[in-house]
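Here's the structure, in structure tokens; my notes come after.
No lab work stands behind these numbers, since they all come straight from the coordinates. Being a predicted model, the structure only gives us computed values, none of them experimental. Every residue, glycine among them, receives a Cβ derived from its backbone with ideal geometry; neighbour counts consider all protein chains shown.
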Amino acid sequence: MPVLRCHGRPGAQSRHQSLCCFALFGKFASCWANVGQDTLQCPQSSGLQGKNTTHHPVLRYTKLAKLPELPLVGSFAISKPAIPCADFAGTVAATSRQDLMVGQRVYGKLEPPQFGALAEYAVVGYEGTVPLPDEVSFEQAGCVGVAGLTAYQTLASAKVGDKVFINGLSGGTGTFGIQIARAKGCYVVGTCSTGNVDFCKELGANEVIDYKSEDVISTLKRGGRMFDLVVDYVGQTDLYWQSASFLKPAGKFVCVGAQPSLATLKSFLAIFLTPRFLGGWPRTFEFLTCKVNAAQYADIAKMMAEGKVKSVIQQSYALENASDAFVALKSGRTRGKLAIKVSD
């Protein structure tokens with residue numbers, strides 16, 4: 001595993017600790033370094049001396065970011081006190097990996113339950129840490145993490161000329177989704193609120209449906225267009241049930257967003273358990289679980305270096321104002337990403 005160095009106070013914590021996982025993914029820039037498969041001699045100020053940094057592969061689900069929000073379960077899933085944040089960008093402080101060196105620029109994300117990017121140092125995993133091109137700033141790379149990788153994986157099947165519908169264009173994952181889909185040569189249609197229509201078009205969306213002023217499903221049905229891929233970053237299950245009207249028979253409906261609630265659980269159980277002869281499975285459905293993938297992170301970094309993809313950052317915060325970022329994130333009204341600068 002890698003140890004990353006941020007430049008700030010080790011162990012910095014937000015007073016909004018109930019959001020420690022919810023806010024981690026794709027919202028924060030921090031400086032870190034990478035370790036490898038042995039016990040390393042880490043800098044004394046890192047607080048990591050003597051800790052075994054042996055790498056072990058970990059695969060977790062993106063939506064664990066909201067685990068602390070769940071009743072009862074969330075209280076026991078994360079030990080307290082906890083250092084929040086998972087996405088990072090920074091420099092290597094120590095490593096036993098042969099492909100990295102001390103001082104090298106890297107970026108990626110930590111994996112639940114291993115959090116702690118909002119600190120000066122962190123031990124990070126192999127798959128979740130890749131070299132960062134000089135053309136990409138720490139702030140830009142620090143906001144890719146889960147959101148950028150999730151968008152990349154939801155669009156894995158998209159190819160040149162495909163028509164892609166994205167539900168939720170203006171959020172952290174949606175802003176990456178627009179750009180990655182366009183970089184792959186797709187025609188992009190999607191949804192957002194009134195105030196974000198022009199913003200999403202500037203990012204590359206070909207057509208935008210304002211869900212505040214028109215019914216999305218009715219608009220899709222009236223349009224008569226059949227999509228090759230539908231990506232739902234919101235978790236709107238009724239969109240799936242009506243998808244036969246706008247998604248090609250061979251198309252796929254990919255969902256990654258859902259609010260943790262009993263109603264949501266019941267909706268997804270209905271999708272998975274209702275047999276086709278009773279109206280279930282109108283189209284192929286996938287609930288995507290984002291998995292760390294070094295090759296995909298490297299491809300995203302390449303697209304960023306080439307100017308095809310960027311992190312849309314609504315606001316950057318100093319470390320001492322980190323709690324304000326959590327408040328803003330919790331409002332559900334952020335456009336793109338929020339970044340926290342751990343140090344210079």
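Odds and ends about this structure:
- With neighbour counts taken as other beta-carbon atoms within 10 Å, the residues Met101, Met304, Met226 rank, fewest first, as Met101, Met226, Met304.
- Burial order of peptide ranges 87-96, 289-298 (average beta-carbon count within 10 Å, highest first): 87-96, 289-298
- Greater than 18 Å apart at Cα, pairs in Lys163/Lys201; Lys212/Lys248; Lys109/Lys308; Lys252/Lys302; Lys212/Lys310; Lys159/Lys308: Lys212/Lys248; Lys109/Lys308; Lys252/Lys302; Lys212/Lys310
- Neighbour-count order for Thr150, Thr175, Thr334, fewest beta carbons within 10 angstrom listed first: Thr334, Thr150, Thr175
- Candidates Gly171, Gly190, Cys143 compared by Cα position along the dipole of the range 134-201: farthest toward the positive end lies Gly190, with charges placed on Cβ.
- Proximal aspartates and glutamates to Lys291, defined as alpha-carbon separation beneath 13 angstrom and excluding residues fewer than eight positions away on the same chain: Glu111, Glu127
- This ranking places Val197, Val160 by how few other beta-carbon atoms lie within 10 Å of each, fewest first, which gives Val160, Val197.
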